[in-house]
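Structure record follows, encoded as structure tokens.
Throughout, read-outs are computed from the coordinates displayed, never taken from laboratory work. None of the values given here were measured: they were computed from a predicted structure. Positions of Cβ are generated from backbone atoms using ideal geometry, with glycine treated the same way; all protein chains shown enter the neighbour counts.
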Amino acid sequence: MQVQSKAAPPFVLSDVDHRVRHLDDICSQGPALLAFVERDCPTSLATLRALAATGARMVVISEGRAEAARDLAATAGAEHLTMLVETAPYAVSAAYGLTTVPTLVLVDGDGNEADRCVGWDRDAVARLVDRAGGDTADFGSGMPEHKPGCGSRNTYDEQMQQVLEADDAALAPAAADDGIDEMWERGWTDGLPVVPPTRARVDAMLGNRDGTRSLGEVPPTMGELTLERLAACAVLAGCRPEYFPVVIAAAEAVLEPAFNLHGLQNTTHMAAPVIVVNGPVRRALGMNPGSNVLGFGNRANVTIGRAVRLMMCLTGGATAGRLDQSTIGGPHKFGWCIPENEEVSRWEPLHVQLGHAPETSTVTVIASEGPSQVSDHFSQTPEGVANTLTQALQSVWAPTWYPVGADTVLVICPEHMQMLADAGWSKDDLRTWIFTHAQRSAGDIRASGSGEFNAFAAQAESDDTMIPKFLSPEEIIIVVAGGVGRFSAVLGPWVGVGLGSSMCTRTIDWRP
Amino acid sequence: MDRYVSPVDPRGRDRVAFAPRPQSLQGMTIGLLDINKTRGREFLDRLETLLLDRHGVAEVVRLRKPTFARVAPDNVLAEADRCGAVVEALAD
């Protein structure tokens, strides 16, 4: 149908990917077709299917919500076309004087309407396609010469428009192009949503590093841990690129032979690596050494630990219930990273105790059970607090198992630390006191359910012989962390020194 | 091309094919590997008796790991290699 040339009403609409399009952009390169369609209209579907194969310059204006536009595009084989989304009250359709869908409007290079076709008319539509630079060979084959359309949505009242848009919304969502569901389908997850490791995100995480550099094999499947794979794990975990040096150091630490990651991956025990971070990197990354330090809420704390777990279960292949057969597992297995509260502590931080300079940043990994809280709100003396902590430590692994002979972490809260420091106690004083007092009689141990299998109790001279919980004070690792309050925590060990895992420390390749 | 960078090494040994099962134990050398968990030795003692008395096994080789928490050392694996089959006592 020829119309007297008049300016096509300008519009601004978004496409299904939320990109904004203007009429001016669309016809800037010559005559272009505006194809007004609607998902529920069979003639619209058939017309769009025929148009999709022509290569004509065109955009589709789909009346209805984005879900309907995507569904229509998929059904018509038109996903390569620009699909603009027009919703209630369908002002653009009204501006173009629509009564029917499909309506095809040819707009020339000057922005004037040159021609239009209402409903399906094979010859008329073919002429429009031709003028828009499309291929009309075999155009519309299999379709009748004429086919009427349906009422365009701008002709319905507001209530009907809402009903139709509710139907749109009920359509299955489009295949997620945000990648989140796909991550679950691929199994690249610890059970929670992850950030899809696109090339751009992984490259940003790697920075100038060589992604092919190998840190070694991750047991038990011996997957090679390249820096690129570790970067993918860090992206999945939600790390910012500035956290990556800490992730690298933690991965190197757990891969040290003395840490025995292979045994830890395949144990029925609930143990997981706890990553203690020391030095100036903590403040630089905004890590949280205070309230909720063992828990949730801080991106750096949570995602650094999570990156290491994802490396263990994805690159290492120890997925829950398959190669990871931990009997009960635990929430600490999602990731566990503790920055020491060096600012509040009046004691030497862990890395200085281990011989590093205070200005060096380090990670120390220890295989550990989840935390068990220790409340002491009443002791008035340092010995009182020490006694409470000692008795809690005597329960690690099992209350009747002596000795554990394994690296055990005591997270001491600032208020407990202050009471001890006020009395002149150092970290060494506390752990010596714990080591000396954490004992139980051979008779008690023999009388317990598992006592007959305890070699130390079996070899004791008498029932009164005291068996120590720890074989040396160095097994007790003290870290000051937490906020206000008088709750400390005990992080029980995995299998003992020399037999299972030993703590490992790595410096972080990081500069302020 | 995959739009995502994979954290998984495709060459990782996720699945290992089982060795073919012997049709008979007659005349075989069988290794019994104690992983050093409590009472594993008693279990393997009983197995040794049954294998020799009832299944015609020619020789039983007793092997032991220093700790259940680590992969067996190379010398233990080398001893296991000379056996036709190995039973590993896991216990927990």
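General remarks:
- Think of chain A as a dipole: +1 on every Lys or Arg Cβ, -1 on every Asp or Glu Cβ, centred on the Cα centre; then among A:111, A:89, A:439, A:439 lies furthest on the positive end.
- Computed [θ] at 222 nm, deg cm²/dmol, the protein assembly as shown (DSSP H ≥ 4; -39,500 (n - 2.57); rounded to nearest 500): -8500 deg cm²/dmol
- For a straight C-alpha distance cut-off of 17 angstrom, the aspartates and glutamates reachable from residue A:6 (same-chain residues fewer than eight places away being disregarded) are A:24, A:108, A:110, A:113, A:115.
- Alpha-carbon radius of gyration plus Dmax, which is the widest Cα pair, for the range A:1-138 in Å: 13.3, 37
- Candidate cross-link partners of residue A:147 among the aspartates and glutamates, defined by an alpha-carbon separation under 16 Å and a same-chain spacing of 8 or more, comprise A:38, A:40, A:121, A:123.
- Normalised alpha carbon radius of gyration of the range A:282-338 [divisor 2.2 N^0.38 Å]: 1.26
- Kirkwood Rh in Å, taken over all unlike Cα pairs in chain A: 27.7
- Label zone (residue A:291, point 7 Å along Cα-to-C-beta; backbone nitrogen cut-off 11 Å) within the range A:478-494: A:483-485.
- Chain A - Cys residues lacking any other Cys C-beta under 4.7 Å: A:27, A:117, A:233, A:239, A:313, A:337, A:413, A:504
- Cα-projected label distance for residue A:428 with residue A:387, points at 7 Å along beta-carbon direction, nm: 2.6
- Share antiparallel - DSSP beta bridges, the protein assembly as shown, percent rounded to 5: 60
- Sites residue A:373 and residue A:346, calculated FRET efficiency, Cβ-Cβ separation with R0 25 Å, nearest 0.05: 0.65
- Under the criterion of Cα pairs below 8 Å and six or more residues apart, the relative contact order for chain A equals 13 percent.
- Length-normalised contact order of the range A:225-353 in % [C-alpha pairs under 8 Å, at least 6 apart]: 36
- Calculated FRET efficiency for the pair residue A:455/residue B:81, C-beta based, R₀ 30 Å, to 0.05: 0.45
- Its Cα gyration tensor gives the range A:176-319 an equivalent ellipsoid, and the semi-axes of that ellipsoid, as √(5λ) in whole Å with the largest first, are 20, 20, 17.
- The share of C-alpha pairs in the range A:114-177 whose separation exceeds 14 Å stands at 71 percent.
- For the range A:331-444, radius of gyration divided by Kirkwood radius, i.e. Rg to Rh on alpha-carbons: 0.96
- DSSP bridge analysis restricted to the range A:374-512 gives an antiparallel fraction near 60%, rounded to the nearest 5.
- At full extension, residue A:19 and residue A:463 could sit 151.9 nm farther apart than now, given 0.36 nm per residue minus the alpha carbon distance.
- If you wrap the Cα atoms of the range A:61-106 in a convex hull and average its projected area over all directions, you get 3.4 nm².
- Angle in degrees between helix B:40-54 and the longest Cα principal axis of chain B, rounded to the nearest 10: 60
- Rounded to the nearest 10 degrees, the inclination of helix A:427-437 to the longest alpha-carbon principal axis of chain A is 60 degrees.
- Peptides A:377-386, A:299-308 ranked from most to least packed by the mean count of surrounding Cβ atoms within 10 Å: A:299-308, A:377-386.
- Using the Cα coordinates of the range A:353-512, the gyration tensor eigenvalues translate into equivalent-ellipsoid semi-axes of 29, 20, 13 Å, sorted from longest to shortest.
- Using the Cβ-Cβ distance between residue A:170 and residue A:112 with R0 set to 30 Å, the FRET efficiency works out to roughly 0.15.
- Principal axis dimensions, largest first and in whole angstrom, of the range A:108-219 by Cα: 68, 39, 34
- Reported value for chain B: 143 Å³ per residue, from the convex hull of its C-alpha atoms.
- Residues of type aspartates and glutamates that residue A:427 reaches as a straight line, Cα spacing below 17 Å, ignoring anything fewer than 8 places off in the same chain: A:340, A:342, A:343, A:348, A:383, A:407, A:415, A:474, A:475
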